[in-house]
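Reading through the structure tokens given below for one structure.
The values are calculated or read from the model by the stated rules, or taken from the named source; none is laboratory data. Not measured: the values here are computed from a predicted model. All Cβ positions, even for glycine, are placed from backbone atoms using ideal geometry, and neighbour counts span all protein chains on display.
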Amino acid sequence: MGSITYDIEIPSSIPATKMFKAVVLDADTLIPKIMPQAIKSVEFLEGDGGVGTVKIIHFGEGSQYKSAKHRVDAIDTENLTHSYTIVEGDALVGVLESITYHVKIVPAEDGGCICKNRSIYHTKGDVEINEEKIKEGKEKALAMFKAVEAYLQANPDA
């Protein structure tokens with residue numbers, strides 16, 4: 001099994017703790033609300049949202065995939081970090097064992113934050129993933145983050 005890693009950093013005007021709450025702690029209800037075309041719903045199979053929780057993400061009409069099973073690997077509300085792994089689902093396109101995501105929200109000097117996201121694609125055997133798939137993943141992460149940012153800017157009390 002091989003692996004491919006990519007990193008993305010996205011600046012935001014939203015304070016770090018507020019962004020972490022939105023994109024990590026409240027994501028299961030917030031994302032389907034603001035991006036139903038991307039994520040229709042989240043179904044908990046095991047756990048309460050903390051470490052070890054297993055859930056199925058049901059993608060929306062705008063997605064090429066139907067679902068993905070996620071496992072929460074770590075959540076640190078003090079250091080604003082979160083790790084989770086997609087362990088099953090058609091999002092693995094038959095060539096991936098899993099995809100692990102590490103998210104860290106870092107306070108910025110201007111009062112906003114920087115979302116640092118590392119994605120690690122664990123391939124089956126010696127499968128190669130082309131650059132277009134990696135670019136597609138980056139664009140989806142950016143779109144979701146920017147949608148959450150826009151929602152928080154429009155709803156400052158959220």
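Odds and ends about this structure:
- Residue count for the stretch 6-42, restricted to those that are in contact with a strand residue (DSSP E or B) (Cβ under 6 Å, 6 or more places away or on another chain), buried (at least 18 other Cβ atoms within 10 Å of the Cβ) and among the small types (Gly, Ala, Ser): 2.
- Residue selected from the stretch 4-38 under the condition β-branched (Val, Ile, Thr), more than 16 Å from residue 82 (Cβ to Cβ) and in a strand (DSSP E or B), by the criterion modelled with the highest pLDDT: 5
- Number of positions in the stretch 95-150 that are closer than 16 Å to residue 9 by Cβ, touching a strand residue (DSSP E or B) at 6+ places or on another chain (Cβ under 6 Å), surrounded by 18 or more Cβ atoms within 10 Å (Cβ to Cβ) and among the β-branched types (Val, Ile, Thr): 2
- Residue in the stretch 52-92 that is nearest to residue 20 (Cα to Cα), counting only those that are touching a residue at least 40 places away in the same chain (Cβ under 8 Å) and outside any strand (DSSP E or B): 80
- Residues considered: 97, 132. Of these, the only one that is assigned to a strand (DSSP E or B) and modelled with pLDDT under 95 is 97.
- Some residue of the stretch 68-78 being crowded, with 16+ Cβ neighbours inside 10 Å, more than 21 Å from residue 43 (Cβ to Cβ) and not small (Gly, Ala, Ser): no
- Residue check for residue 156: surrounded by fewer than 17 Cβ atoms within 10 Å (Cβ to Cβ), touching a Cys at 6+ places or on another chain (Cβ under 7 Å) and not hydrophobic (A, V, I, L, M, F, W, C): no
- Close pairs (7 angstrom Cβ cut-off, 6 or more residues apart or separate chains): touching a residue at least 24 places away in the same chain (Cβ under 8 Å) in the stretch 125-154, surrounded by 15 or more Cβ atoms within 10 Å (Cβ to Cβ) and among the hydroxyl-bearing types (Ser, Thr, Tyr) anywhere: 129/121; 129/123; 134/6; 137/119; 138/6; 149/12
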